[in-house]
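Heads up, the thing below is written out as C-alpha cells.
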DNA sequence: TGGTACGTTC
C-alpha cells in the first residue's frame, strides 16, 4: 500500500466486507492520509481502531505535528499508552520547527535526558537539537552537543555530520564547518557533501562550491544542483544560474519545485519575461503553482518585467494568504509608480508583517512622495506602537528627509536610532550621512563617516558627493585618492561625484583627467550623466568648441539630457546658431516636456532675441504642454512649507506676505544706504 | 510502518 488510492480501496473493502484491517495497515493508512493533508480522516481512523500499538500513536502524533497542530499533538503524546524514542523525537522536531515553542523544546529535551533508563537519545534527537541551537544562536550548546555526539558515536551518521556542518556554518564559523567535513576523509557521503556545498554558498565561496561540485559530478543529486542554481541566483550570477539549470536537465537529473523556485530568482533578476512564461507553463502543468514559493516567485518575475496584469492574474490564484506574493505585488506597483494601487492592496490586508510595511515605505520614497512616507510612519506607530522600527523603514524615512533637506526630522530619526539602541549597519550609516549632507550639515555627515569602522564604497561616494556639492573640491579629490589607497574600486557614482566637483569649480583639465581615468584605469563605461556633466563643464568655461568635439565622441544616441546640457552651454556662450540646432534635436526627443520650452525661451530672451522667444512660446502653447512650476520650500514647525511664484494657498499666506514685504523693504533700504555710503556725494 | 539536507519578499 503505497498510494492514497490503494489505501482508500483497502478501507472501502474493509467496510463493504465487514473486516477489520490489521493494525499495520491502519497505521500505514494514517500516514497516507496525513501526507495528503487529510488530518481529519487520519484522526477518525485512529479513533475507530479497536487495537493500537506504539506505531499507531507515533503515526497520529506525526500527523498532527505535520499539520502544525502542536497542542493536539502534545495531548495525544501525553495520552499515548506506548511511547518510544520516535514519539519523543516527533514531538521535539514539532517544537523546534514551529515558531515560539523553543522553551517547550528545551523542556522536553531535559525530560528525555532524565529518562535515560527508558529511552536512549539517538542521532535524530541530536540533529533536531542542533537545529534548535541554530535557531537560538546558542553556539556553546552546539559544541556540547557535538562532544556528546562524538562520545556516544552518534557523529558517524551522514545526517548527523550534515547537521553539524550546517550548525557551524550558520552560527559559528565556516572554518569549523570545513573541519567537520575534512574529518570525513575519503568517506564523504552525499548528505554531508550537500551540506558542505550549501555552507560554501552561504559563505559566498562560490568558487569553492563549484570546485567541490565539479570534482565528482557523478555524486551530484537534485539537491546538489539546486543548491548551486540558487547560490548563483542569489549572488548576482543570474546567467550562470540559468546555465546550470539547463545543464542539470542535460545531465538527466529531474527538475523539481526547489529547482524552479531558485530559477525564478534568476529569471526575475534578468527580467526575462520569455523564460518566466515558460516556467509559468511548466508549473501550471505540474500543479506546482499552488506551492507558495513558486507562485510568489512568478509574481516577482512578472512584476520585475513591469507586467502587472500577469502578476495580478497569478496573485488571484493564491489560495492562502502569502506574504511573499503580497510584498512582490506592492514592490511591482511601486516600481511602476502606481502607489495608489500599492496602497489599495496594502489597505485590503487584515494582517501586515514588517516587510510588507517596509515595501510600502520604500515605494513611496522611490516615487519621491515624502509626505506619504511621514504619514505612513505615523500610521505605523499607531498600528504597532510597541514595535521598534525596522532598520529599512528608518532608511526610507531618512531618504525622505534627505529629499526634503529636512534636517530637523532627520536629527529626530538619528536620535531615535541611538535611543532604541538600533545596530548601525552600513545601510543606516550611509542613509544618515546622505541625509546630513543633503540637508546642509556636512560636518555631521563627516562625523559619522569618521566613526564607521568598515567603510564601503557607498560611504565614500556619499562623502565625495557631499564635498563636491558643498564646494570642497580638494577634499573631494583627496578622499577619492584615500579610497583608492584602501583598495576600494570606484563605480559610476564615484565618478559622477568627482565630475560634478569639477563642474562646480570649472576645472576642465582635472575633469578631463577623471573622465579618461574612468575607462582607461577602471574599465567603467561613462553613462549619459557623465557625458552631460562634461558638456556642462565645457559650457561653463566658455569652451563650446570643445563641447562640440566632445559630443562627437559620445557613442550612444544623444538623449534629451545631453542636448539639454548642450543647450545650456549655448546659452552661457551666446551661441544662438548652435542653440537652434540643439532645439530641433531636443524637441524631437522631448517635445512633451514643458521645461525644455521654458529653457529655450529663456535662452533667446537672455540674448534679446524676442522674436525667437515668442516663436518658442507659441510652439509651447500649440503643443498644449505645461511646465511644472518650480518651487522652494522650508521646514518649519514639523512640516514642509512649499512656495511657488504668486501662490496664496498657504494657511498663513497673509502673515507670510506681510513679513516678506517688510523684509524686502528693509533690504532695499539697506542696499540704498550702502550705495549712498560708498558713492561720492552727488 | 516512524523522524533531519536544497527554495522567496523590503
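For residue A:313 and residue A:412, a Förster radius of 35 Å and the Cβ-Cβ distance give a FRET efficiency of 0.20, rounded to the nearest 0.05. Here's the picture: a label point sits 7 Å out from the Cα of residue A:642 along the beta-carbon direction, and within the range A:355-375 the residues with their amide nitrogen under 18 Å of it are A:364-375.
Sort A:129-137, A:225-233 by packing, meaning the average of other beta carbons within 10 Å per residue, with the highest value first. Walk me through the numbers before you get to the answer.
Numbers: A:129-137: 19.7, A:225-233: 25.2.
So the order, starting with the most tightly packed, is A:225-233, A:129-137.
One chain, two ends: residue A:655 and residue A:71. Fully extended at 0.36 nm per residue, the span grows by 203.5 nm beyond their Cα-Cα distance. The angle separating the long axis of helix A:23-35 from the principal Cα axis of greatest extent in chain A is about 10 degrees.
Helical runs (DSSP H, four residues minimum) scored at -39500 (n - 2.57) apiece and divided by the length of chain A put the mean residue ellipticity at 222 nm at -22500 deg cm²/dmol.
Here the contact order of the range A:1-120, divided by its residue count and restricted to Cα pairs under 8 Å and six or more residues apart, works out to 18 percent. What the pair-distance distribution of chain A shows, using all Cα-Cα distances binned every 20 Å from zero, is 12, 36, 32, 14, 5, 0, 0 percent.
If a paramagnetic tag sat 7 Å from the Cα of residue A:290 along the Cα-Cβ line, which residues of the range A:30-58 would have the backbone N under 20 Å from that point? Flagged as within label range: A:30-43.
How high is the FRET efficiency from residue A:214 to residue A:577, r the C-beta distance, R0 56 Å, rounded to 0.05? Let's see the in-between values first.
On the way: r = 64 Å, r/R0 = 1.15.
After rounding, the FRET efficiency stands at 0.30.
In this label model, residue A:173 and residue A:221 are separated by 3.2 nm, measuring between points 7 Å along each Cα→Cβ vector. If I fit a long axis through the Cα atoms of helix A:653-678 and take the longest principal axis of the Cα atoms of chain A, what angle between them do I get, 0 to 90°, rounded to 10? Orientation of helix A:653-678: about 40 degrees from the principal axis.
If you take the Cα centroid of the range A:273-322 and the Cα centroid of the range A:583-608, the two points sit 45 Å apart.
Using r as the Cβ-Cβ distance of residue A:422 and residue A:40, and R0 as 41 Å, what FRET efficiency do you calculate, to the nearest 0.05? All intermediate terms of the calculation are to be shown ahead of the outcome.
Working: r = 46 Å, r/R0 = 1.13.
Here the calculated transfer efficiency is 0.35.
Mind sorting A:677, A:6 by how few other Cβ atoms lie within 10 Å of their own Cβ, fewest first?
Details: A:677 7, A:6 13.
Placing the least packed residue first, the sequence is A:677, A:6.
On a C-alpha basis, how far is the centre of the range A:131-194 from the centre of the range A:17-41 in Å? Whole number, if you could? Measuring centre to centre over Cα atoms gives 37 Å. Between the range A:339-383 and the range A:429-455, the alpha-carbon centres lie 27 Å apart. Judged by the mean number of other Cβ atoms found within 10 Å, the most tightly packed of the peptides A:417-426, A:475-484, A:207-216, A:493-502 leads the ranking A:493-502, A:475-484, A:207-216, A:417-426. Which angle between 0 and 90 degrees, to the nearest 10, do you get for helix A:594-606 versus the longest principal axis of chain A when only C-alpha atoms count? Tilt of helix A:594-606: around 20 degrees.
Students often check this: by mean Cβ neighbours within 10 Å, which of A:110-117, A:544-551 ranks highest, and how do the rest follow? If you can, show how the numbers build up before the last one.
Values: A:110-117: 11.4, A:544-551: 16.8.
Answer by packing, highest mean first, reads A:544-551, A:110-117.
Read the figures in this text as sums done on the coordinates, not as results from a lab. Predicted model only: the values in this text are computed from it and were never measured. Ideal geometry is used to build each Cβ from the backbone, glycine not excepted, and the neighbour counts take in all protein chains shown.
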